[in-house]
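The values are calculated or read from the model by the stated rules, or taken from the named source; none is laboratory data. Model, not experiment: these values are computed from the prediction. Here the Cβ positions follow ideal geometry from the backbone for every residue, glycine too, while neighbour counts run over all protein chains shown.
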Amino acid sequence: MFILAGLCEIGGGYLVWLWLREGKSIRVAGAGAIILIIYGIIPPFQPAHFGRVYAAYGGIFVVLSILWGWKIDKITPDRYDLIGGLICLLGVSVIMYWPRNI
């Protein structure tokens, strides 16, 4: 679910970016908007509270954004991108999976 949501958020945002920044068709923006709506529907299916889910998504989005930039925009991540991404994934693990006494 995290990866699907991340791809929808980044992919939809990227299509709107292409429309606004690179003069692509309004249809590209429309497709991006639809994908962003789908992104908004995905988080309620996660087994955690809203704030926790969105905090964890933030970390996943950072990593997916680095990968998107590498594969789509051809910007190779440097060591600091990789270190930051690993720190984010560690944070996601703590937020979502650390045992709690509730």
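Could you say whether any residue in the range 78-94 is at pLDDT 95 or above, outside any helix (DSSP H, G or I) and either among the aliphatic types (A, V, I, L, M) or more than 19 Å from V16 (Cβ to Cβ) (or both)?
yes
Given the structure, is L64 in contact (Cβ under 8 Å) with a residue 60 or more places away in the chain, buried (at least 18 other Cβ atoms within 10 Å of the Cβ) and part of a helix (DSSP H, G or I)?
Details: in contact (Cβ under 8 Å) with a residue 60 or more places away in the chain: yes; buried (at least 18 other Cβ atoms within 10 Å of the Cβ): yes; part of a helix (DSSP H, G or I): yes.
Yes; evaluated as a whole, the condition is true for this residue.
Taking Y39, is it aromatic (F, W, Y), surrounded by 19 or more Cβ atoms within 10 Å (Cβ to Cβ) and assigned to a helix (DSSP H, G or I)?
Working: aromatic (F, W, Y): yes; surrounded by 19 or more Cβ atoms within 10 Å (Cβ to Cβ): yes; assigned to a helix (DSSP H, G or I): yes.
Judged against the criteria, Y39 is a match.
Considering only the range 1-20, state which residues are part of a helix (DSSP H, G or I) and of a type in the set (A, V, I, L, M).
Within the range 1-20, I3, L4, A5, L7, I10, L15, V16, L18, L20 qualify.
Given the structure, is Y54 surrounded by 18 or more Cβ atoms within 10 Å (Cβ to Cβ), closer than 23 Å to M96 by Cβ and either at pLDDT 95 or above or among the hydroxyl-bearing types (S, T, Y) (or both)? Show your work before the answer.
Values: surrounded by 18 or more Cβ atoms within 10 Å (Cβ to Cβ): no; closer than 23 Å to M96 by Cβ: yes; either at pLDDT 95 or above or among the hydroxyl-bearing types (S, T, Y) (or both): yes.
Considered against the rule, which asks whether it is surrounded by 18 or more Cβ atoms within 10 Å (Cβ to Cβ), closer than 23 Å to M96 by Cβ and either at pLDDT 95 or above or among the hydroxyl-bearing types (S, T, Y) (or both), Y54 comes out as no.
Within the range 21-40, does at least one residue satisfy the condition of being within 10 Å of the chain's Cα centre (by Cα) and of a type in the set (V, I, T)? Quick ask: steps written out before the conclusion?
Taking the range 21-40 first, the residues within 10 Å of the chain's Cα centre (by Cα) are 39.
Right, trim to of a type in the set (V, I, T) and you get none.
Scanning the range 21-40, I find no residue that is within 10 Å of the chain's Cα centre (by Cα) and of a type in the set (V, I, T), so the answer is no.
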